[in-house]
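Below is one structure, written out as C-alpha cells; the observations come after it.
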C-alpha cells in the first residue's frame, strides 16, 4: 500500500493514527501542499480532487480520510475502531463527523488561502476565523464526551476508536490557531490518554519524514 499525505494535514494525521492502531505501515509518499504538489498533473491523475490523504491499496485508490479509516476497519477488524453497540457506534460517528464535516472544512488550507488572497485577511484574521469555527465544534464534542458514563479513558470506552482518531488532530490544529483549550476538560483528558500511546505519538506531525518546523 502507498499512502499519500502531508505532515500537517489533519486528515492525513487521522489516517496515520488508524494505521498505527492497526499495526499497518504503508509506504509513505509526501505531497507538499504548501508548494502545490497536489496540483501537479501526476497527482491529479491519481486523485482528481487534488487533496490528501489518498491510499493506493494495490487494487484501488481510496480518498477522504473517513472512507479510508472505515475501509481499514472493515478489512483489518482488529482492534475495532467503533463500539459494538449500534447506538454507541452512531454517537461515535456523530462525534467524528462534527470534526470532519463541521470544523475541518472551514480551516482547510485552500479555504485560508482564499480568505487571504481574495479578502485580504492577514494571519491574525485567519486565526480568528479558525477559532470561530473550531470552538463551537469542540464544545459540542466536549458535551458528548461529558455525557458518557462508561468510565473509560477514551471518548467511547477503554480503548481508542474513530472519535479519538478525529479528535487528536483537531486539537493539534486548534493550538496552531491559538484557541484556548481549557474549557474542554474531558477532551483534554482524552487527548492525554491518547498521546501516551505510541500509535498516536508516532503519528504526530513533528515525527513525520516530511516535517518542516
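In table form, for the structure just shown:
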read-out: Distance in nm between pseudo-label sites at residue 175 and residue 114 (7 Å out along the Cβ direction from Cα); value: 2.9 nm
read-out: Label-point separation in nm, residue 207 to residue 140, each point 7 Å along Cα→Cβ; value: 3.0 nm
read-out: Value of Rg to Rh for segment 86-200 (Rh from inverse mean 1/r over Cα pairs, i.e. Kirkwood); value: 1.01
read-out: Projected label distance in nm at residue 192 and residue 67, using a 7 Å step from Cα toward the beta-carbon; value: 3.9 nm
read-out: Descending semi-axes in Å of the chain, equivalent ellipsoid built from Cα gyration tensor; value: 26, 23, 14
read-out: CD proxy at 222 nm, helix term only [per DSSP H run n ≥ 4: -39500 (n - 2.57); per residue of the chain; nearest 500]; value: -15500 deg cm²/dmol
read-out: Convex hull (Cα only) mean projected area of segment 78-134, reported in nm² to one decimal; value: 5.1 nm²
read-out: Computed E for residue 182/residue 124 - FRET, C-beta separation, R0 25 angstrom, nearest 0.05; value: 0.75
read-out: Kirkwood Rh and Cα Rg combined as Rg/Rh, segment 132-213; value: 0.97
read-out: Set of segment 52-76 residues, backbone N closer than 16 Å to the point 7 Å along the Cα-Cβ line of residue 24; value: 53-76
read-out: Long-range tail of P(r) for segment 2-79 (Cα pairs > 14 Å, %); value: 58 percent
read-out: Stokes-Einstein diffusion coefficient of segment 1-40, Kirkwood radius over Cα pairs, 37 °C, 0.692 mPa s, in µm²/s; value: 308 µm²/s
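None of the figures in this text is laboratory data; all of them are computed from the coordinates on show. Note that the coordinates shown come from a computational prediction; the quantities given were computed from them, not determined experimentally. Methodologically, a virtual Cβ is constructed for each residue, glycine included, from the backbone with ideal geometry; neighbour enumeration extends over all protein chains shown.
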